[in-house]
Amino acid sequence: MIGLVPTIAIRPHRAPVVCEILHQPALKAPSEMVEIHRVIVLSLVTVLRSLIVQIANLTKEISKEFKQNPAYEVFSSLPTGEMTTARLNAELGSSGARYPSRDYVQTAAGTAPVTRRSGKTIVVYFRLQCNKQLRAAFTDLARESVKRCDWASDYMANQLKLGHKPSRAYRALANRWASII
């Protein structure tokens, strides 16, 4: 069997040899292995179908419970889907007593950057210690609000114009949402 040379150089004289290698029949798996994998895939499909039904039922239940929440009016006015607003409500709480100010919300959500100062040196970096579920909920809110809210899409475009990467721009928008909510 002729091996392929792993180089980028073009070698037209080798084209027939390469074509011959590529047109050889593929290796065939033993029929027993094919049958075993077929059974495994079919059982996984059955499990996935039941999971899809369970996820749909849970989504309906969460939606029903969330609509009975006293903070439903406030959270449902946000430019995002019902599951994201339910997650935000679950993490923030209905009464607002969990976080006394917007600074606490921004810090807990991990949207506010950390600033270290030493002499004349100032270093700003990503906050690692935070409530990861709350950060994910605010990030989802930021991503969805860009599609549904004019000021959010303008803010995002401005952040990208400033040279920030999309993840940093979404985090900055999430930080704005954390201060608003």
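Based on what the data block shows, is Trp151 under 20 Å from Phe75 (Cβ atoms) and buried (at least 20 other Cβ atoms within 10 Å of the Cβ)?
No, not satisfied.
Do we have Arg117 as charged (D, E, K, R), more than 16 Å from Tyr170 (Cβ to Cβ) and modelled with pLDDT under 85 here?
The answer is no for Arg117.
Residue-by-condition table, conditions (1) small (Gly, Ala, Ser); (2) modelled with pLDDT under 95; (3) closer than 30 Å to Met83 by Cβ:
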site: Val18; (1), (2), (3): no, yes, no
site: Leu22; (1), (2), (3): no, yes, no
site: Pro25; (1), (2), (3): no, yes, no
site: Lys28; (1), (2), (3): no, yes, no
site: Met33; (1), (2), (3): no, yes, no
site: Leu42; (1), (2), (3): no, no, no
site: Ser50; (1), (2), (3): yes, no, yes
site: Gln54; (1), (2), (3): no, no, yes
site: Asn57; (1), (2), (3): no, no, yes
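Write out, first by first residue and then by second, each pair whose Cβ atoms fall under 9 Å of each other, whose residues are 6+ apart or on separate chains, and whose first residue, in region 167-181, is on the phi < 0 side of the Ramachandran plot while the second is in a helix (DSSP H, G or I) and of a type in the set (Asp, Glu).
Pairs that qualify, where the first residue is on the phi < 0 side of the Ramachandran plot and the partner is in a helix (DSSP H, G or I) and of a type in the set (Asp, Glu), are Ala174/Asp140; Ser179/Asp103.
Can you go through Arg98, Arg38 and tell me which one is out of contact with any Cys (no Cβ under 9 Å at 6 or more places or on another chain) and either over 30 Å from Phe138 (Cβ atoms) or at pLDDT 90 or above (or both)?
Going through Arg98, Arg38 in turn, the sole match is Arg38.
Somewhere in region 146-168, is a residue outside any helix (DSSP H, G or I), within 22 Å of Glu82 (Cα to Cα) and polar (S, T, N, Q)?
no
The values are calculated or read from the model by the stated rules, or taken from the named source; none is laboratory data. As the structure is a prediction and not an experimental result, all values here were calculated from the model. Don't worry about glycine lacking a Cβ; one is built from the backbone with ideal geometry, like all the others, and counts go over all protein chains shown.
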